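In what follows, a structure is listed as structure tokens, so that the remarks can point back to it.
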Amino acid sequence: MEKQLFIDGEMVKGAGNLRKLINPATEQEIVTVYEASVEQVELAIQSARLAFKETNWKNDKEGRAVFLMKLAGKLENNLETMAQLETENTGKPIRESRLDMEDSVSCLRYYADLLMEQFPEKMEQWDGSESVVKNVPYGVTGLIVPWNFPLLLGIWKIAPALAAGNTVVFKPSEMTPLSMIKLAELISECCLPKGVFNLVLGDGKTVGQTITLSEDVHKISFTGGTDTGRVINEQCAKTFKHVSLELGGKSPLIVFDDVNIEQAAEWAIFGAFFNQGEVCVASSRILVHENIFAAFTEKMAEKTKKIKLGDPFSEETDMGPLISNDHLKKVESYVSKGLEEGATLVTGGERYGEQGYYLTPVIFTDVQPDMGIVQEEIFGPFCVIQTFRSEDEAVEIANGTKYGLAAGILSKDAERAERVADQIDSGIIWINSYHTPFVNAPWGGFKQSGTGRELGPHGLAAYSQPKHLNATAVVGDLGWYRF
Ligand code: TXE
């Protein structure tokens, strides 16, 4: 399978860099990827520009909804193949890859339905004229995603961008393009006007920057690290592109002393370690009321030691390897850093198995608010447990980083939970649960966790801009003006 790019309606072979993809569980090569040359990226952008200008895509609301439904059906029919590709490429447990695929199907269907409910807003004005506000697409959108949820995060952007009538140039992470290549093959069977969707593969510096710097791309939606988001934001400012950024986090899970400790420890483990902790909203800081700190920590450590690492294709596996050797070393370096900073390593931080980039899940206690392991996004199976004595202190600690993506609150007292939630600076807060993205509700961050929102009606609005038409009835031959 050498034809891995999708440009101008065709699967084509990349003329750029050659990259060997590695299975992170076995460290064996999976396949060689032929990435796009800069010329091919420019071709993709021009194809998307012409498709926006010259086809009826932007006006054909029904056609767009039919396409999204068709793609959802194809994805559903290929769910197991797609899940297996995702697991081979990322190392995430197969059960979790299947969930990603199911969520992707739902997202496509959701935006197909939502699109059909959109109508221009009409207003009678004080001077007797009528205003109509239409939400119109931007044109060419550049969509760039990371490696932790390669297909799902892609669909979170592709579905609303296309629903709104834009055309797309999509770039997955250079480490995890496999599921997106398969999606492009499915799209190629859907009779989409050529140029409406383009897939280019490659790294950020060549392929990514060609998209973010292009004058013919009008909107960028990016998910990834905060440092990369900053660079992209600066690049986009040069041509005043509209930008949505879903960036890093250091999300707190606040555990009050009225909880069932057993259940709270389960939520904390799920929050911190789901998908190897390689999740933007991972609850990497667990804030526990001092009355239950000892019992909670003991319970969480006991359960953490039972997390089953291993073959991600096994149905029994809870946690797979990290995405790459470099990333494993980065996460490991934070174990050393935590120890140097004087924190206590309760469990984890060891390599696991003969092969694969596995790390046993890490819990630190005795941390100070200014420590690197408390402030920086580590993006692996790594969490710190902190204590608090009062609601106010919990809120202060929760808000004490530059991030503001997500938070969780565990308490039987619903009023208190909502009171605390109201004071936390983050875009998503789960009370007595964690992690679930709801396709119809916004997802995104405060502070340095990003700008803009994905999912729900906000996610659709991110891909269109309002256009105000004000019309006055013609009176006589010349019309009637107030100026
Ligand atoms: O992500 P990047 P990386 C965090 C996490 C991780 C760190 C680095 O802490 O350790 O970021 O991971 C493309 N113009 N997150 O390097 O750099 C790149 O090719 C255009 C958190 O993998 O953010 C890839 O497709 N594109 C995060 C995508 O950006 C550029 C998820 C993401 O890469 C570019 C992943 C450029 N100049 C990592 N530079 C989350 N919070 O969800 C890079 N890219």
Task: From the options 236, 190, residue that is more than 30 Å from residue 268 (Cβ to Cβ), free of Cβ contacts under 8 Å to residues at least 60 places away in the same chain and more than 9 Å from the ligand (Cβ to nearest atom) - done: 236
Task: One residue from 96, 42, 88 being more than 16 Å from the ligand (Cβ to nearest atom), over 12 Å from residue 162 (Cα atoms) and not in a strand (DSSP E or B) - done: 88
Task: Count of the range 239-255 residues which are more than 16 Å from the ligand (Cβ to nearest atom) and at negative phi - done: 3
- [ ] State whether one or more residues within the range 303-320 are away from the ligand (no atom under 16 Å from the Cβ), crowded, with 24+ Cβ neighbours inside 10 Å and within 24 Å of residue 372 (Cα to Cα).
- [x] no
Open item on the list: So in the range 198-233, with the set limited to residues that are free of Cβ contacts under 8 Å to residues at least 40 places away in the same chain and more than 21 Å from residue 45 (Cα to Cα), which one is nearest to the ligand (Cβ to nearest atom)?
Closed with: 228
- [ ] May I ask you to list the residues in the range 26-39 that are surrounded by 19 or more Cβ atoms within 10 Å (Cβ to Cβ) and either under 25 Å from the mean Cα position of the chain (by Cα) or not in a loop (DSSP other than H, G, I, E, B) (or both)?
- [x] 33, 34, 35, 36
Task: the range 256-280 - residue that is away from the ligand (no atom under 16 Å from the Cβ) and touching a Ser or Thr at 6+ places or on another chain (Cβ under 8 Å) and, of those, nearest to residue 87 (Cα to Cα) - done: 269
Open item on the list: Take residue 401 and tell me if it is buried (at least 20 other Cβ atoms within 10 Å of the Cβ), out of contact with any strand residue (DSSP E or B) (no Cβ under 6 Å at 6 or more places or on another chain), among the polar types (S, T, N, Q) and modelled with pLDDT of 95 or more.
Closed with: yes
Open item on the list: Consider the range 17-58. How many of its residues are among the hydrophobic types (A, V, I, L, M, F, W, C), closer than 19 Å to residue 168 by Cβ and touching a residue at least 40 places away in the same chain (Cβ under 8 Å)?
Closed with: 10
TODO: Mind counting the residues in the range 104-136 that are among the charged types (D, E, K, R), more than 26 Å from residue 73 (Cβ to Cβ) and surrounded by 13 or more Cβ atoms within 10 Å (Cβ to Cβ)?
DONE: 2
TODO: For residue 284, work out the one condition from (1) in contact with a Cys (Cβ under 6 Å, 6 or more places away or on another chain); (2) farther than 18 Å from residue 406 by Cα it doesn't fulfil.
DONE: (2)
- [ ] Quick one: which strands (runs of 3 or more DSSP E) lie wholly within the range 196-260 and hold at least 1 residues that are surrounded by 17 or more Cβ atoms within 10 Å (Cβ to Cβ) and of a type in the set (Asp, Glu)?
- [x] 242-246
Open item on the list: Looking at the range 303-329 only, could you name the residues that are in contact (Cβ under 8 Å) with a residue 12 or more places away in the chain and charged (D, E, K, R)?
Closed with: 303, 305, 311, 315, 318
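The values are calculated or read from the model by the stated rules, or taken from the named source; none is laboratory data. These numbers were taken from a predicted model, which means no experiment stands behind them. Here Cβ is always computed from backbone atoms with ideal geometry, including for glycine, and neighbour counts include all displayed protein chains.
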